[in-house]
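Notes to accompany the following structure.
Read-outs throughout are calculated quantities, based only on the coordinates presented, and are distinct from any laboratory measurement. All figures in this text were calculated on a predicted structure; none of them were measured in a lab. Positions of Cβ are backbone-derived with ideal geometry, glycine not excepted, and every protein chain shown enters the neighbour counts.
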Amino acid sequence: MNKKARKTLCLLLALVMLCTFAAGCSKKSEEPEQDTEVAYTIDNIREYVIGVDEPVELNDGTMQPLINFDNAATTPALKPVMDAVDEEMRMYGSIGRGFSQKSNHSTDLYLETRETVLNFVGADPNDYTCFYVNNTTDGLNKLASALIESEDDLVLCTRIEHHANDLSWRERCQVIYAEVDEQGRIIYEDIERLLTEYEGRVKYVCVTAASNVTGYVTDVHRVAKMAHAHGARMVVDGAQIVAHRQFSMKGDTPEEDIDFFVFSAHKMYSPYGSGAVIGPWEVLVKHMPEFYGGGIVKLVTDYDVKYKSAPDVYEAGSPNYPGIVGMAKAMEVLQEVGFDAISEHEKILNRRLIDGLRQIDGIILYGDCDNIDDRVGVVTFNFEDINSYILAARLTDTGGVATRRGAFCAHPYVWRMMGISDEQAATYENCIDMNTPGMIRVSFGIYNTEEEVDRFLEILNNVVNAMRSTENFNLGAEPEF
Ligand SMILES: Cc1ncc(COP(=O)(O)O)c(C=O)c1O
């Protein structure tokens, strides 16, 4: 090839490369910026939930997508949440510790998310701050370790509580418990009675915003008013409310305001291991948790430590940045979907499921199944003649349905609902799960559908019929009491 031909070829190649680059650029700019274009609604949100169509293997070797009815335990990730986390990884740097553009970026975003969190629960940043934790259990323990000053401090819990909002206090101070009624609702008058009986002694009233066993939503503002009238502060376990109902720290009057609110992000479609505690500046600055290390000090000398103030002093160690980015994004998406729509959707699923379950012989349903307005999407049941452990296993193995079976880390409440005395329950300490009493729980997420409820009822009917028609079907039946 002569010099002229080589020159022409080079020019041609350069032209082709230029055109390819230009085409690539214009294609990129045509791609929709997913986040800004999508409007998330209760009708389309299923498309943005990771893994809903992922097949799982059943016992017979067939593959089918799981019907995930175990959302009270944890929720799958939302795609926009995962995208937000991925996107932020490009500019990830150490939080509050580094000298770099990335570190500055991450630190700024980390600090900004505190406002997102406060805003999500209607907390005025002038009155409240928040600190980040791993989950609700971590948050309640940190809070209790900060607030409880003596073993003689008195805390009022209820018998509806998850262990996280019971043992965190029980192991550190004196706890008295308000009872639940026959349908499992908190008896508000019992809270008032105890506050009066122990007048002025109760320091904190600790109540869940929604039960993980029956789904009952607590009127926490009513309880806050009672607590404040007797000189106590109000702590709310928000684990089961954050993805289900609009929650506000603000009541109708200042006496009804909530003092502390604790929740986990993995129950709100951001399973990256984070959560938050929201509380008043006024109180948090006077305490610190029993949790020590870097990031929480102003100065350490050989024999002295000068600690920072809230919220920093509650966050020893390096923060979980992906967890916090994901949590903030999840809040944005949930708000866009709208809590009115979420609550309406859950009510439809609850009603359909309860009505279907009522058609099956021998069903035992827990909680009020007529008036379900104060229940989030949680339904628990049993059968008179069927071991719930075996049934839950069959639902999974042969039906591809995820439920939860057991006492859901709320033993005293579950024993009450099942009519099991404390003495009877105590005999089960060393039992394997199959022989320990328990319920089956279905818990809904925003993406579950009425078709899934119908399919579940069909599978449940088949499994129950198959179990009943098999000799010795109920080996290890629910123990009799
Ligand atoms: C009402 C309630 N509180 C607290 C927790 C504990 O949450 P985590 O496991 O995220 O700490 C749960 C978990 O199921 C719960 O349902």
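In this structure, the amide hydrogen of ASP70, modeled 1.01 Å from its nitrogen in the peptide plane, lies closer than 5 angstrom to those of SER443, counting only residues at least 5 positions away or on a different chain.
Take the Cα of THR398, step 7 Å toward its Cβ, do the same at ARG351, and the gap between the two points is 3.2 nm.
With the cut-off at 1.5 for a/c, could you classify the range 140-291 from its C-alpha gyration tensor as rounded, prolate or oblate? Before the final figure, lay out each step's value.
Details: a/c = 1.38, a/b = 1.09, b/c = 1.26.
Rounded, because the longest to shortest axis ratio a/c is under 1.5.
If you take all other residues with their beta carbon under 12 Å from the beta carbon of LEU118, and give Lys and Arg +1 and Asp and Glu -1, the sum is -2. Using 0.36 nm per residue and subtracting the Cα-Cα separation, the extra length available between GLU255 and PHE339 on full extension is 27.8 nm.
Any of LYS203/LYS306; LYS142/LYS298; LYS102/LYS142; LYS142/LYS267; LYS102/LYS329; LYS142/LYS203 with alpha carbons more than 24 Å apart? Name them for me. Mind showing how you got there, number by number?
On the way: LYS203/LYS306 28 Å; LYS142/LYS298 21 Å; LYS102/LYS142 30 Å; LYS142/LYS267 19 Å; LYS102/LYS329 20 Å; LYS142/LYS203 17 Å.
From the list (LYS203/LYS306; LYS142/LYS298; LYS102/LYS142; LYS142/LYS267; LYS102/LYS329; LYS142/LYS203), the Cα-Cα distance tops 24 Å for LYS203/LYS306; LYS102/LYS142.
Once the chain from THR41 to THR301 is taken as fully extended at 0.36 nm per residue, the excess over their C-alpha distance is 88.1 nm. Shown for CYS130, CYS431: other C-beta atoms within 10 Å of each C-beta, ranked fewest to most, produce the order CYS431, CYS130. Sorted into 20 angstrom bins from 0, the C-alpha pair distances of the chain split as 21, 49, 23, 5, 2, 0 percent. Size of the range 342-481 from its Cα atoms: along the principal axes, largest to smallest, the extents are 42, 33, 22 Å.
What the Cβ-Cβ distance of GLU423 and GLN183 gives, at R0 = 25 Å and to the nearest 0.05, is a FRET efficiency of 0.60. About its Cα centre, the dipole of the range 33-93 is roughly 160 debye, where the only charges are +1 on Lys and Arg Cβ and -1 on Asp and Glu Cβ. Our note on the geometry: Cα centres of the range 402-420 and the range 343-361, 20 Å apart.
Roughly what % of DSSP beta bridges within the chain run antiparallel, to the nearest 5?
Working: 32 of 51 bridges.
Counting only bridges with both partners in the chain, antiparallel ones make up about 65 percent.
Once you have a ≥ b ≥ c as the square roots of the Cα gyration tensor eigenvalues for the range 393-476, tell me rounded if a/c is under 1.5, and otherwise prolate or oblate according to whether a/b is larger than b/c. Cα axes put the range 393-476 in the oblate bin.
Across the range 272-384, the volume of the C-alpha convex hull divided among the residues equals 186 Å³ per residue. Selection among ALA210, PHE408, ASN119 by position relative to the dipole of the chain gives ASN119 as farthest towards the positive end (Cβ unit charges, Cα centre). Packing order of peptides 258-264, 333-339, highest average first: 258-264, 333-339 (average count of other Cβ atoms within 10 Å over each peptide's residues).
Extending 7 Å from the Cα toward the beta-carbon at both ASP385 and SER100 defines two label points whose distance is 6.7 nm.
In this simple spin-label approximation, TYR198 and ASN435 carry label points 7 Å from Cα along the Cα→Cβ vector, and these lie 3.7 nm apart.
Over the range 181-247, with a single point scatterer placed on each C-alpha, what log10 of the ratio I(q)/I(0) does the Debye formula yield at q = 0.11, 0.14, 0.19 1/Å? Relative scattering, expressed as log10 I(q)/I(0), comes to -0.26, -0.42, -0.73. Each peptide in 401-413, 58-70 was scored by the mean count of other Cβ atoms within 10 Å over its residues; highest first, the order is 401-413, 58-70.
In debye, nearest 20, what is the charge dipole magnitude of the chain about its Cα centre with +1 on Lys and Arg Cβ and -1 on Asp and Glu Cβ, if you could check?
Working: 43 positive and 76 negative charges, 511 e Å.
Computed charge dipole of the chain: roughly 2460 debye.
What list do you get for ASP370, ASP127, ASP86 if you sort them by fewest beta carbons within 10 Å? Can you show the working numbers first?
Working: ASP370 6, ASP127 14, ASP86 11.
Ascending Cβ contact count within 10 Å gives the list ASP370, ASP86, ASP127.
For trypsin sites (Lys or Arg not before Pro), the sites in the range 273-327 that DSSP calls loop and that have at most 15 other Cβ atoms within 10 Å are LYS286, LYS308.
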